[in-house]
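Structure first, commentary second.
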Amino acid sequence: MRARLGAAACTAAATLLIVPAADAATWRGKTEQGRSVVVVTGADGLVSKVRIRYRARCTDDKGYKAGVAFLPPLDESTPTAFADGGVIKWRIKGGERAKGRTAIRGGLRSSGRWTGRFRIRVRITKNGRYVATCRSGLVGWRASPA
């Protein structure tokens with residue numbers, strides 16, 4: 001399987017989390033795909049960044065590797081859970097363009113670890129013509145205090 005590499009991490013509609021701790025903190029972890037996840041909170045206890053790396057299978061028999069950074073504000077948020085999603089667009093090296101729909105959901109467990117699920121579907125075009133659709137599927141993730 002040939003690989004299609006993303007030129008840069010994509011920034012999506014944001015993820016805002018409310019965490020009981022009032023200190024700035026970072027949680028690091030992995031997805032079920034073995035890719036990295038980082039959740040960062042500010043001194044106010046609100047999440048200032050969630051970054052997740054992923055792999056997606058494509059209909060043109062190529063793979064796609066990239067990442068998404070979620071920044072405030074969020075679609076849904078409580079002190080122990082969040083959900084966000086939306087449409088993002090970016091360019092890929094070689095003249096390709098990508099338009100993706102992403103969704104993320106997470107919750108703070110009693111162990112102090114954030115866990116959740118993520119997915120993305122990307123439509124790739126070149127010169128206005130369809131090239132491929134790439135999907136990550138539903139990917140579980142977890143992050144522990146760093």
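Per the 1.4 Å probe, what fraction of the accessible area of segment 37-146, in percent, lies on carbon and sulfur atoms?
Here carbon and sulfur together make up 46 percent of the probe-accessible area.
What number comes out for accessible area per residue over segment 60-143 if the probe is 1.4 Å? Units Å², please.
54 Å²
Starting from one equal scatterer on each C-alpha and no solvent at all, send me the Debye-based log10 I(q)/I(0) for segment 89-146 at q = 0.14, 0.23, 0.25, 0.29 Å⁻¹, two decimals.
Each listed q corresponds, in turn, to -0.53, -0.85, -0.92, -1.08.
Using the Cα atoms as the points, what is the convex hull volume per residue of segment 21-137 in Å³?
Looking at segment 21-137, the number lands at 103 Å³ per residue.
Which of LYS49/LYS126; LYS65/LYS126; LYS30/LYS99; LYS30/LYS89; LYS30/LYS93 have a Cα-Cα distance over 22 Å? Each step should come with its number before you reach the end.
Numbers: LYS49/LYS126 31 Å; LYS65/LYS126 18 Å; LYS30/LYS99 25 Å; LYS30/LYS89 25 Å; LYS30/LYS93 27 Å.
Cα-Cα > 22 Å for LYS49/LYS126; LYS30/LYS99; LYS30/LYS89; LYS30/LYS93; rest within.
Extending each Cα 7 Å along its Cβ direction at ARG113 and SER144, get the distance between those two points in nm, one decimal.
Distance between label points: 0.7 nm.
The values are calculated or read from the model by the stated rules, or taken from the named source; none is laboratory data. These numbers come from a predicted model, not from an experiment. Cβ sites come from the backbone with ideal geometry, for glycine too, and all protein chains shown count toward neighbours. Heavy atoms of the whole protein, side chains included, go into the accessibility calculation; ligands, DNA and RNA do not. Shrake-Rupley method; radii C 1.70, N 1.55, O 1.52, S 1.80 Å.
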